[in-house]
Every structure is written in C-alpha cells, then in structure tokens.
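The values are calculated or read from the model by the stated rules, or taken from the named source; none is laboratory data. Fair warning: this is a prediction, and the values are worked out from it, not measured in the lab. Counting neighbours? That spans all protein chains shown, and the Cβs are built from the backbone with ideal geometry, glycine included.
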Amino acid sequence: MSNLAINGGLRVRENFLSLQIPYLGEEEIRAVVTSMKSMELGGDGPKGRELEKIMENYLGLKYAFLVTSGTSALEISMMVAGVGQGDEVILPSFAFVSAANVVLRQGARPVFVEIEKDTFNIDPESFLKAITPETKAVIVIHYAGHACRMEDILKIADEHDILVVEDAAHAIGAKYNVSYLGTLGRMGCFSFHQTKNIICGEGGAIVTNNEDIAKKIEIIREKGTNRSSFLRGERDKYTWMDIGGSYVLSDLLAAILIEQFQKLEAINKMRRRNALTLTEKLKDFQDKIILPVEKEYAKSNWSLYSIRVKNKERRDWFIEALKAEGIGATFHFIPLHSSPYGKNALGCKEDDLLITEEVSQSLVRLPLFAQMTEGDLDDIARAVKKILPFI
Ligand SMILES: Cc1ncc(COP(=O)(O)O)c(C=O)c1O
C-alpha cells in the first residue's frame, strides 16, 4: 500500500504540519490512467458499478449509489423523503451547512436543536422536544465519525413517524455497536471529499436498505429519468419519470475510490492509533483542555481530532499560536442558528442554543491523518504544552 505523501512528490510537512492530508498512492495513479485509457469516464460505468457493489458488501446493505458529493446525497435524501413546503426537518445547529441548505431548497423549514457537550452530536432530548405535527424528518450528523445515540434517536423517530437521514459524511467505516454508520437510518449519506478519510476529490454516496427508496434515488440522481434501468438492458429507451438532477459520479473518480476502499480499514486503523496516541500525549493538560471522547457504543473512524479549550476567550489566540509553532489548527462549525443566514433569514437568535455556542466557541481541531509519525504527534504535544500556560 503506497503513500505519496511520504514516498512521492507530496511532502507531509516543511516546518508545518498540515491539518489533514489524504492517503493516496501509486495505485490511485494507475487506476486513473487505466480508467482514462478505457474511455469510460461518464457515470454508471463499470468502475461505478464495481464500487457500488463493494460498498454494499462492506456496509452489509442492499443499495449504494455513488453521487457527486455528500451534499448531493443529502439533497437527494430530502427529495426522496418528499420533504416540502409546510414541513419541518430537525437537525443540530452544529452541522455542516449542506444539511440546512437541502431542507430549505425543498421549501421546508430547518429546526435547529442542541448537541451533547462531549460528542458534539445531536442531543436526543432536544430532538424530542422540537417535534411538532409538521416534523417530517431528522438529519443526524455523526461528528468526526463518532456515532450519535442511534437507539434513542430511532426510537423517538419511530414513535413519531419521522424519517431518519444519517449525515455520515465523516463516518465511513465507523460503527454504532456492531452496525456501520450510515446503515441505521432510512438513508445514509457519505462524502468522499478531499478532506475525508477516503477520497476521490469530490464525491459521495447515498445508501439504503429500502427497495422503494432505492428506486426513487436511482431516478432522481439520473436527471429524473430511468436511464439506469436502460443501461442495465431492462428497457430499449429511457425517459423522464420525475424531477431530478445530475448527480452521478464520474467513473474516473470511482476508479480512484475503488483503490481508496481497499485501504479504508488500514487508513482508519492508522488514524485510530494516531488519535489515541495524541490523547495519551495530551492527557496531562486536562486542566486547560478537554480531550475527545469515544463512548462505549461507538467505534469512531477518527475523521477529525477536536479538543476544546476551557478558556474560550483565548481560543482564537491558541489557534494562531499553534500555527506559529508549525501546527495546522482550525475551528468549525459556526453554528447554523447564529450564522448570518440563520439570524437574518431564519430569525434565529444566538442564545437559542447555548451548548452549541459554547462548543463552537471553544473547539480547536488539531492535525490528524493516517501517515503521521510519532515525531509529528510529539510536535503537537510540545506546541500545546508550550502555549497552554498563556491561555
Ligand atoms: C458533516 C458534513 N456533511 C456533509 C458534508 C458535505 O459533503 P461534500 O463536501 O462532499 O458535499 C460535509 C463536508 O465536509 C460535512 O462535513
């Protein structure tokens, strides 16, 4: 399993440790060349089909569809769910902006709820309290690849007839107890963007076990046509069946992603080792920082490594000081409810969700990727130790 960041043209660092570097190797380069030579670059080609089968087998479910991004997967999920005007969709405010956009694009209302202070995932109690007769769906986000409390969420959703969509953009290969994330709700949405554990630049997938939902996805993602069935030789022409979009992933990108899938378990294992080692190195500083958790029901894929600083007034200074020490660090997410759009267009107020505000204002992401060395991890710990007395 080769790794360009160490063996080839890319450098992991030059006096600066990046936040995130994908694990790409010669295998991906060969796959691109082979794919180019085959002249099969469109969507739903042999590589895409092969990868969908790989995903279905890996996740242990019936239907996986490759799409152009995690955002596309979420968009399709809302269309399939029939979310529309007058409907409400519950989601945490501490989320990537796509989860709210896809609700608004359907003419529905996003209802933002609280997260848990330790996992940064949707708080089931807050979800329950936000339910109204208009609630049609909930989008749960497995932050950093750490599972949400799915049993509680599924029970509440079931009792109130609410459809569950998992935003598993961070979560490929991560588990809730024995089940892979993305397979527990009615639909699961993955991202293979450059920043994720396995990547193809821009890409995603939407998965389900439900045949009716699968039929709808297949049509929506092919511009609302039954072209997929035509390509399988089930009909002699294809036609317009429903409203849809152009969501099919290029076979060139599927070829890269097939190689990445072969490395998934190894990549996640290296990320786990690095995350746990970093936690060990930072454990003496817990008077000033709060380290990430992994609950007993979760097996994280450590898609991100986020700590919180107890003195949030010094958070931005802390990030700048880390960068000055050669350590890439950042923060996210600006909560959706207190973003300019949340406040100006949706009428949300900053103090609507206090835990979300607290987490967002104190969070710091530290570098974490598969090919980090013990020396890289030591450098992070050294920089943190040097800077902490000043916050
Ligand atoms: C939680 C979450 N959901 C969805 C997305 C959207 O994925 P994509 O960039 O593939 O559209 C992201 C992107 O980073 C994300 O972090």
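Which of the residues belonging to the range 113-149 are within 19 Å of GLY182 (Cβ to Cβ) and either at pLDDT below 95 or more than 16 Å from the ligand (Cβ to nearest atom) (or both)? Scanning the range 113-149 gives PRO124, PHE127, ARG149. Pairing residues of the range 191-210 that are over 18 Å from GLU52 (Cβ atoms) and assigned by TED's automatic domain parsing to the domain that holds ASN57 with residues that are assigned to a loop (DSSP other than H, G, I, E, B) and more than 10 Å from the ligand (Cβ to nearest atom), at Cβ distances under 6 Å and at least 6 apart in sequence or on separate chains, gives THR195/GLN20; ASN197/ILE172; ASN197/ASN301.
Residue-wise test of (1) in contact with a Phe, Trp or Tyr (Cβ under 8 Å, 6 or more places away or on another chain); (2) under 21 Å from GLY70 (Cα atoms); (3) not hydrophobic (A, V, I, L, M, F, W, C).
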position: ASP87; (1), (2), (3): no, no, yes
position: ARG109; (1), (2), (3): no, yes, yes
position: ASP161; (1), (2), (3): no, no, yes
position: ALA169; (1), (2), (3): yes, yes, no
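For the range 172-208: of the residues being surrounded by fewer than 18 Cβ atoms within 10 Å (Cβ to Cβ) and over 25 Å from GLU294 (Cα atoms), which is nearest to the ligand (Cβ to nearest atom)? Per the criteria, the residue is GLU202.
Matching residues to (1) in the same structural domain as MET187 (by TED's automatic domain parsing); (2) within 16 Å of the ligand (Cβ to nearest atom); (3) modelled with pLDDT of 95 or more; (4) farther than 20 Å from VAL164 by Cβ:
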| site | (1), (2), (3), (4) |
| --- | --- |
| VAL32 | yes, no, yes, yes |
| GLY70 | yes, yes, yes, no |
| GLY82 | yes, no, yes, no |
| PRO92 | yes, yes, yes, no |
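The requirement of being closer than 30 Å to GLY25 by Cβ and surrounded by 15 or more Cβ atoms within 10 Å (Cβ to Cβ) is fulfilled somewhere in the range 313-322, by at least one residue.
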